[in-house]
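S.K.: Below you'll find the structure I mean.
The values are calculated or read from the model by the stated rules, or taken from the named source; none is laboratory data. Only a predicted model underlies this, so the values are computations on that prediction, with no experimental measurement involved. Positions of Cβ are generated from backbone atoms using ideal geometry, with glycine treated the same way; all protein chains shown enter the neighbour counts. Just the protein is used for accessible areas: all its heavy atoms, side chains included, with ligands, DNA and RNA removed. Shrake-Rupley method; radii C 1.70, N 1.55, O 1.52, S 1.80 Å.
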Amino acid sequence: MNALENTIATLIDQEGLPERYANTVQKIIVPLVHYVSQLQESEQRTLVIGIHGAQGTGKSTLALFMKELLSKHWNYPTASFSLDDIYLTRAERWELAEQVHPLLLTRGVPGTHDLELGLRVIDQLRSAQPKDETAIPAFDKAMDDRAPAGDWPVFKGRPAVILLEGWCVGARAQSKEALIAPVNLLEEQEDPEGVGRAYVNQCLSTTYKDFFSQLDSLIMLKAPSMESVLEWRTLQENKLAERIRTLAMTADRSQPLRVMSDDEVARFIMHYERITRASLAEMPVRANVVVDVSESHSLSFKVEPPIHMGYPDMTRDL
């Protein structure tokens with residue numbers, strides 16, 4: 001087993017993935033790593049690569065493997081964080097819910113992230129000197145609140161690549177006409193006047209558009225359907241609950257743990273349905289790379305990752 005194969009095997013074991021995932025790494029992730037390395041070699045500066053995908057598509061796993069392979073085997077130090085890591089604190093979301101709309105208490109939709117924090121992290125990483133250390137934010141989903149700053153991971157030096165992953169990375173605002181009709185029971189019953197979705201859409205058209213303009217390339221993990229997204233997200237929450245039950249036996253927590261039931265997950269997903277459906281419909285034609293995710297979670301390319309020949313026009317239009 002060579003060094004690359006050893007790293008892949010170690011990560012598969014660490015993440016509890018089936019051994020056959022090594023084939024996915026070789027056929028999908030290694031070409032993506034090669035694509036990013038070509039892009040970086042051409043530009044010779046810190047690049048920000050966006051990874052978009054609905055809940056359960058495997059964004060975090062993809063980002064982890066790309067980070068490790070780029071850093072250890074392509075010699076491109078890589079930092080990585082998620083939109084989830086820069087959620088507003090629970091107290092800030094309570095305030096937002098009181099001032100704008102109650103649905104904004106639930107983390108996830110545009111408007112519930114601290115984009116200024118995200119920009120500061122990107123700027124610090126881009127300008128870091130070799131001995132500088134940049135704290136990468138972290139969010140404790142079990143507590144539904146931002147982790148203490150002292151627990152944040154630290155990146156040393158200046159990365160060649162920054163991976164930014166998230167379910168709405170690169171998403172675009174909809175037309176006002178598209179906002180009129182509710183897309184599910186949550187919107188129909190809890191946002192009948194469209195105040196909440198109008199605010200989210202405004203955020204997408206302003207602050208999030210500016211934030212996503214930092215991206216040099218956009219990789220999309222394309223889910224097959226909203227039904228699959230619900231199934232996958234429910235599975236994720238069940239796994240989280242199991243991990244928390246195990247940790248609770250040894251951890252001393254002063255606040256109640258927050259894990260959702262299957263019904264709560266279904267309601268939770270409804271917050272994301274509008275933007276997820278819109279992105280599935282329009283993003284594939286402008287993403288730089290589209291990876292299809294099947295119902296069985298297998299990955300495939302419709303078109304192989306492009307060889308970088310300067311900035312792709314689609315990236316400029318994000």
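S.K.: Compute the relative contact order of the stretch 142-262 as a whole-number percentage, counting only Cα pairs closer than 8 Å that sit 6 or more residues apart in sequence.
M.R.: 37
S.K.: With θ taken as phi - 60° and the coefficients 6.51, -1.76 and 1.60, list the Karplus ³J(HN,Hα) couplings across the stretch 65-76 in order, rounded to whole Hz; mark glycine and proline as x.
M.R.: Working through the residues one at a time gives 5, 4, 4, 5, 5, 4, 6, 8, 10, 10, 6, 10 Hz.
S.K.: Where does the Debye-calculated log10 I(q)/I(0) of the stretch 1-150 sit at q = 0.09, 0.10, 0.11 Å⁻¹, using only Cα point scatterers of equal weight, no solvent?
M.R.: -0.36, -0.45, -0.54
S.K.: Viscosity 1.002 mPa s, temperature 20 °C: give me the Stokes-Einstein translational D for the stretch 1-69 in µm²/s, with Rh taken as the Kirkwood radius over C-alpha pairs.
M.R.: Answer from the Stokes-Einstein relation: 165 µm²/s.
S.K.: Here is a follow-up. Charges at C-beta only: +1 for Lys and Arg, -1 for Asp and Glu. How large is the resulting dipole of the stretch 9-81 about its Cα centre, in Debye rounded to 20?
M.R.: 100
S.K.: I need the trypsin sites (Lys or Arg not before Pro) found in the stretch 43-78, filtered to DSSP loop residues with at most 10 other beta carbons within 10 Å of theirs.
M.R.: Counting only loop positions with at most 10 other Cβ atoms within 10 Å, the trypsin sites (Lys or Arg not before Pro) in the stretch 43-78 are Arg45.
S.K.: Measuring with a 1.4 Å probe in the full set of protein chains, what accessible area per residue, in whole Å², belongs to the chain?
M.R.: 49
S.K.: If you take the square roots of the eigenvalues of the alpha-carbon gyration tensor of the chain and sort them as a ≥ b ≥ c, do you get rounded (a/c under 1.5), prolate (a/b over b/c) or oblate?
M.R.: rounded
S.K.: Using +1 at the Cβ of each Lys and Arg and -1 at the Cβ of each Asp and Glu in the chain, identify which of Val33, Asn288, Leu119 lies farthest towards the dipole's positive end.
M.R.: Val33
S.K.: Given a 1.4 Å probe and every protein chain left where it sits, what share in percent of the accessible area of the chain is carbon and sulfur?
M.R.: 51
S.K.: Report the Stokes-Einstein translational diffusion coefficient (µm² s⁻¹, integer) for the stretch 201-245, Rh taken as the Kirkwood radius over Cα pairs, at 10 °C with viscosity 1.306 mPa s.
M.R.: 117
S.K.: Still on this structure, I have one more. Cα centroid distance between the stretch 155-206 and the stretch 58-129, in Å?
M.R.: 15
S.K.: Ser300 to Glu98: FRET efficiency via 1/(1 + (r/R0)^6), r the Cβ-Cβ distance, R0 51 Å, to the nearest 0.05?
M.R.: Efficiency for this residue pair is about 0.65.
S.K.: Treat each spin label as a single point 7 Å out from the Cα along the C-beta direction, and report the Asn184 to Ala9 distance in nm.
M.R.: 4.2
S.K.: Another question about this same structure. For the chain, what's the relative contact order in percent, using C-alpha pairs closer than 8 Å and at least 6 residues apart?
M.R.: Relative contact order, the chain: 24 percent.
S.K.: Find, among the GluC sites (Glu not before Pro) in the stretch 127-198, those assigned to loop by DSSP (not H, G, I, E, B) with at most 12 other beta-carbon atoms within 10 angstrom.
M.R.: Listed in order of number, the matching sites are Glu193.
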